[in-house]
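Here's the structure, in structure tokens; my notes come after.
The values are calculated or read from the model by the stated rules, or taken from the named source; none is laboratory data. On a predicted model such as this, the values are computed, not experimentally measured, just so you know. Cβ: placed from backbone, ideal geometry, glycine included. Neighbour counts: every protein chain shown. Only protein heavy atoms, including side chains, enter the accessible area calculation; ligands, DNA and RNA are left aside. Shrake-Rupley method; radii C 1.70, N 1.55, O 1.52, S 1.80 Å.
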Amino acid sequence: KLQFLYLIGFSAMSVDGNASIAELCSLVATALDAKTRYAALTKLRRIVSVVGDAQNDIEAVVQTGVTSHLVDIAAGAASDDMKCEALWILNNVASSVEEHTAHVMDAGALPLLVQLLPDEAVSDRVLDQVLSLLGNLCGDGAEEVVEEGLLPEIARMGRRVFGETERTGKHQRSIEVARQLAWVLQNCVRLYDVSTTGPLLSILAQALWHSDYEVLSTAVWGFAMVASRHGQAGLDAVVASGVAGRLADLCCPESEEYPTALASAAFRPLGDLLSSDSDSHAEAALDAGVIKVMKFLTDGKRDSSFKKAWKHVFWAARYAVWRYESRVELR
């Protein structure tokens, strides 16, 4: 996710307004004065965040060799402002093209994440950037993320953030952190084999109860991707996560609290279960009330926006009647 330009109220202290990318990168790497280094970081972050021009500018930043210095600043700077600027630049580089993503990892970004993720003293502002960087690095399914041992750290953070929310209804971290974490979890369960991401699915299941719609929607789509992209193993994982009942509930909102698009997304894994060649998958969907859900979604009295789900409902219904007619009639 490329993070675009916004203005903050800091002046570019002792940094020439016309300074080139090479000059700014040199200041980031060598400036002894913290204010000068921070001003150079801020200006550099703005340059690589401008829509339309960022690609060539990011390549110019990479060519200066400043990336490892950005990692060092994110790891050791005393100021959260400094860390956030360095991480933001790393994020934009990593989200550019595959070669740049690999470049950021080669510069030491993964050990940086291993250092920062478990640190409960890290502020929400910094953690938001850390998770964004992690999501960008695992966005291409990089095996280095698994090899570095980051998945257990993601699971531990998920238990802290979503487990506490589920138990108490209170958010341990900011909503922004919860949203980034849900996005990281979705990327992981989408891209990595379910034998690797099993613990993450249990965390994503907790996110299905979160009060924030964006977190909830991201979690729902995560399970939809697991069901559709990982074959029988993915469907096994959805059943083992015990989320079928919750997905069925989200398909039939009792109020207008959630947009109807969520119902369409929530039905997808249920429809995949019902259409599976495995009786155990279909039984899980039937036990969750998928027939009731299908009737709800296709009720002519519903808002027309529910029509987004009809294609998936009719496909699942055709398969259910063909293969499970006797059981469908009993429910």
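If we scan region 191-202, do we find a residue that is open to solvent by 10 Å² or more (accessible area, probe 1.4 Å), over 26 Å from E144 (Cα atoms) and β-branched (V, I, T)?
Kept after step one, since they are open to solvent by 10 Å² or more (accessible area, probe 1.4 Å), are these residues of region 191-202: 191, 193-196, 198-199, 202.
Add one more test, that the residue is over 26 Å from E144 (Cα atoms), and what stays is none.
No, region 191-202 has no match at all.
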* Could you check, for region 231-249, whether at least one of its residues is at pLDDT below 90, among the aliphatic types (A, V, I, L, M) and either closer than 17 Å to F314 by Cβ or out of contact with any Asp or Glu (no Cβ under 8 Å at 6 or more places or on another chain) (or both)? => no
* Identify the residue in region 42-76 that is surrounded by 20 or more Cβ atoms within 10 Å (Cβ to Cβ) and not in a helix (DSSP H, G or I) and, among all such residues, is farthest from the chain's Cα centre (by Cα). => V66
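For every residue, the table says whether it meets (1) assigned to a helix (DSSP H, G or I); (2) loosely packed, with under 15 Cβ neighbours inside 10 Å; (3) at pLDDT 55 or above.
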site	(1), (2), (3)
K1	no, yes, no
L5	no, yes, no
A19	no, no, yes
S26	yes, no, yes
A40	yes, no, yes
* To do: Answer with yes or no whether W209 is among the aromatic types (F, W, Y) and either free of Cβ contacts under 8 Å to residues at least 12 places away in the same chain or closer than 30 Å to E147 by Cα (or both).
  => no
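Does region 82-90 contain at least one residue that is of a type in the set (D, E) and open to solvent by less than 40 Å² (accessible area, probe 1.4 Å)? Spell out the reasoning first.
Initial filter on region 82-90 (of a type in the set (D, E)): 85.
Remaining after also requiring open to solvent by less than 40 Å² (accessible area, probe 1.4 Å): 85.
Yes, because at least one residue in region 82-90 is of a type in the set (D, E) and open to solvent by less than 40 Å² (accessible area, probe 1.4 Å).
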* Asked: Condition test on V130, is it out of contact with any Cys (no Cβ under 9 Å at 6 or more places or on another chain), assigned to a helix (DSSP H, G or I) and exposed (fewer than 15 other Cβ atoms within 10 Å of the Cβ)?
  -> no
* Structure fact -> Subset of region 212-234, residues among the acidic types (D, E) and in a helix (DSSP H, G or I), comes to E214
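Criterion first (at pLDDT below 95, under 33 Å from the mean Cα position of the chain (by Cα) and over 16 Å from S68 (Cα atoms)) does V15 satisfy it? Talk me through it step by step, then tell me what you get.
Numbers: at pLDDT below 95: yes; under 33 Å from the mean Cα position of the chain (by Cα): no; over 16 Å from S68 (Cα atoms): yes.
Judged against the criteria, V15 is not a match.
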* Give me the pairs, please: first residue somewhere in region 15-39 and free of Cβ contacts under 8 Å to residues at least 12 places away in the same chain, second residue anywhere and among the aliphatic types (A, V, I, L, M), beta-carbon distance under 7 Å, and either six or more positions apart or on two chains. => A31/A40
* Among the residues of region 211-248, count how many are surrounded by 15 or more Cβ atoms within 10 Å (Cβ to Cβ) and of a type in the set (D, E, K, R). => 3
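Only one of E257, E283 is modelled with pLDDT under 95, in a loop (DSSP other than H, G, I, E, B), on the phi < 0 side of the Ramachandran plot and out of contact with any Ser or Thr (no Cβ under 8 Å at 6 or more places or on another chain); which?
On the way: E283 fails: in a loop (DSSP other than H, G, I, E, B).
It is E257.
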* Asked: Any residue at all in region 174-185 that is part of a helix (DSSP H, G or I), loosely packed, with under 15 Cβ neighbours inside 10 Å, modelled with pLDDT of 95 or more and not hydroxyl-bearing (S, T, Y)?
  -> no
* To do: Given the conditions (1) aromatic (F, W, Y); (2) closer than 23 Å to L133 by Cβ; (3) not in a helix (DSSP H, G or I), report the number of the one that W209 does not fulfil.
  => (2)
